[in-house]
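See structure below.
The values are calculated or read from the model by the stated rules, or taken from the named source; none is laboratory data. This is a predicted model, so every value here is computed, not measured. Reconstructed Cβ throughout: ideal geometry from the backbone, glycine too, with neighbour counts over all protein chains shown. What goes into the accessible areas is simple: the full protein's heavy atoms, side chains included, and nothing from ligands, DNA or RNA. Shrake-Rupley method; radii C 1.70, N 1.55, O 1.52, S 1.80 Å.
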Amino acid sequence: MNSTMTLQQVADLYEVSAKTLKRKIHKLELGIDTSSLLYPKDLDKLFDALGEPASRAAQKPRQREADNANAALKALVIFFVLIFSNTLHSQVIYANGEIPPDPIGSLIKIDLSTCTFCRVSFLNDPSDYDLTLLANGTVVNVSGIFIKKFNPPNQNPIFTLNIAPHVAVGNILNPAGTVYIALRLGLGVFNPVTNQFTYIGDWPASFLPIVSMELWYDGGQLYGFFGPPPTHQVALIDVNNPGNSSVVGVINNIYLGGDNGACSVGDSVIMCNVNMVYQYDPATGDLSTICDFSNTTLQMRGLSSVLAGFSDLPCLCATSAGTIVSQGLINYCVGETATFLHNNNQSLDNNDLLQFVLFSNPNDTTGSIAAVSNTPSFVFDPNTMQTGVTYYVAAIAGDNLNGNVDLNDPCLDFSNANQIVWRPLPTITLSVANPDVCGPEGCTTVTATLSGTPPFSFVYELQIDGNPIANSVTVNTGNSTHDFLVCVPPGTPLGQVQLSICTLTDFYCTSE
């Protein structure tokens, strides 16, 4: 007898249904969790209460032999029992596969709640078929005749085992801490502590040929689907005698090719096919789409759920804002649009956004952003910007958060930056000590007070009732205060003469 049994296996010993056995357990208040695997202390308590089945005595010698053979795993068993009884991460799973154009394999983190993914490590294993995450951070990868162990972010295997002539087509962690390996001809088990592989036995002849098999747990029992495609049958797997495994259903509706994956997330069974993630309904055999990555280059080959105790792996940031055409500092006048050119060489994942930012402190880029634009252009905003201040413009890329780049994205990326300064438009104020001009050619001194950046140049003309009475005059000065003589031309009739500024220019800008 195994050290663990499912509720159904125990019910079979008593020749009753699992539902009937569950009611008896609850009625007797034995304190046994019937939703998970039953372990030795639970079984002893159950057999003491209900009486030992006749078949149990005959199996005890074999049980003792199995217990001795697995003595090295006892501590690991307890560890994994605690993990499996704990709550699984409900939204994050991992996949192996490729993210072209990178030719090398990848370990990929997928958030099912947002349908986003990122690479967390390269895996130098381009022929990988399936994977299993261990709680210590190790990744077990199955690649045909090879079982490989990786320790991300190291992309090279830390252990490789050749299991030929067997060909592995799927794997999954079992509650005992070992890894079940689905093979084309049968079932095996790999001990990640001792790195030993053991062949358990052949599949039923009716299962063959098996091209691929993906494994998952449901209700404490191991299941798998197998082909060849497009037919996918669901098997209840007897882990002690694989030849007694039986077909209990099919997967309907959706074609699953050779690159598939499956895992259990809480009470849900999750499956994938290259770039689609589905939830499987065991009651109907149907798949419903959770995430569609068909608009990306993602190619998944296998899935693994995340156990409690597994340290979340950070994303390898592929996000890039690209570059902008470099230029020296450019001055813009208030009212002009500052523009620059992006080289269109950004790299974005499926949830990234490219925008452009104007900021004032290159040592605190995100903390000094004054404006954000969807195009590489900005206009002066007196509410958030100042004239005469050096600003920086750059491209920015990161996760899309409500239409803007998420500044808290750990993969946030900025391009190179160009410098710009907005200059104020020059101003002029005129004053005159004696506004009265006597005689047909009378003159008076006018004082111009100017703001802006010297030198200045302004053009004025004299008018009576809005009509020019003389040609315009240009005045040049390098000072912010300038006196100039204004004379009324001969023949000017008596009346009020106005002096009007036509244009005013400083070093940077022109006002009209």
Problem set entry | Residue list for the range 401-423, restricted to those being among the aliphatic types (A, V, I, L, M) and either in contact (Cβ under 8 Å) with a residue 60 or more places away in the chain or assigned to a strand (DSSP E or B) (or both) | 401, 405, 412, 417, 420, 421
Seminar exercise, completed: Scanning the range 109-143 for residues that are β-branched (Val, Ile, Thr) and open to solvent by less than 10 Å² (accessible area, probe 1.4 Å), the one farthest from residue 197 (Cα to Cα) turns out to be 110
Exercise. Restricted to the range 203-222, and to residues that are among the aliphatic types (A, V, I, L, M), open to solvent by less than 20 Å² (accessible area, probe 1.4 Å) and out of contact with any Lys or Arg (no Cβ under 6 Å at 6 or more places or on another chain), which residue is farthest from residue 273 (Cα to Cα)?
Worked result: 222
Exercise. Applying the selection to the range 379-400, what residues are in contact (Cβ under 8 Å) with a residue 40 or more places away in the chain, open to solvent by 10 Å² or more (accessible area, probe 1.4 Å) and assigned to a strand (DSSP E or B)?
Worked result: 379, 390, 399, 400
Problem set entry | Of all residues in the range 288-299 being at pLDDT 90 or above and surrounded by 14 or more Cβ atoms within 10 Å (Cβ to Cβ), the one that is nearest to residue 412 (Cα to Cα) | 293
Exercise. What are the residues in the range 424-435 that are in contact (Cβ under 8 Å) with a residue 12 or more places away in the chain and either open to solvent by less than 50 Å² (accessible area, probe 1.4 Å) or in a loop (DSSP other than H, G, I, E, B) (or both), if any?
Worked result: 424, 425, 426, 428, 433
Exercise. Do we have residue 303 as in a loop (DSSP other than H, G, I, E, B), under 24 Å from residue 350 (Cα atoms) and touching a Gly at 6+ places or on another chain (Cβ under 8 Å) here?
Worked result: no
For this session: Specify which of the listed residues (146, 84) is at pLDDT below 50, crowded, with 18+ Cβ neighbours inside 10 Å and either under 15 Å from residue 172 (Cβ atoms) or touching a Pro at 6+ places or on another chain (Cβ under 9 Å) (or both).
Result: 84
For this session: Taking the options 472, 457, name whichever one is open to solvent by 50 Å² or more (accessible area, probe 1.4 Å) and either basic (Lys, Arg) or more than 30 Å from residue 371 (Cα to Cα) (or both).
Result: 472
Exercise. Given the structure, is residue 141 part of a loop (DSSP other than H, G, I, E, B) and of a type in the set (S, T, N, Q)?
Worked result: no
Exercise. Do any residues in the range 165-191 that are closer than 19 Å to residue 307 by Cα and aromatic (Phe, Trp, Tyr) have Cβ atoms under 6 Å from those of residues that are at pLDDT below 90 and surrounded by fewer than 23 Cβ atoms within 10 Å (Cβ to Cβ), where the two are at least six apart or on different chains, and which pairs are they?
Worked result: 180/174
